[in-house]
Amino acid sequence: MLAELLSHNKDAFVTQWLEAAVEPYSENTRRFFLSEKDPFRNPVGQSLRVGLPLLLEAILDGRETA
């Protein structure tokens, strides 16, 4: 049931997950991580934006991780 709920609300879940991941940082740093789209200027934000949806897919698919 949880997997179905997450599957139907992937975008909202990933957005909230991203916001939670940057929450410990200062307001300016959070803003930068969330807004700067250049992967060379913002590798942390880029990694989170690309990696979190992939991680969610792997979890929902039940894939093994190394």
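Quick note: the coordinates plus some simple rules give every number you see, no bench work behind them. All of these numbers come straight from a predicted model, not from anything done at the bench. Ideal geometry is used to build each Cβ from the backbone, glycine not excepted, and the neighbour counts take in all protein chains shown.
Charges at C-beta only: +1 for Lys and Arg, -1 for Asp and Glu. How large is the resulting dipole of the range 23-63 about its Cα centre, in Debye rounded to 20? Intermediate results must be reported in sequence, preceding the final value.
Working: 6 positive and 6 negative charges, 21 e Å.
Around 100 debye, computed over the range 23-63.
Based on Cα contacts under 8 Å between residues 6+ apart, the chain shows a relative contact order of 32 percent.
Annotation for Ala12 and Phe32: the two label points, set 7 Å from Cα along the Cα-Cβ direction, are 3.2 nm apart. Computed over the chain, the Cα gyration tensor eigenvalues convert (square root of 5λ each) into semi-axes of 25, 14, 9 Å, ordered from largest to smallest.
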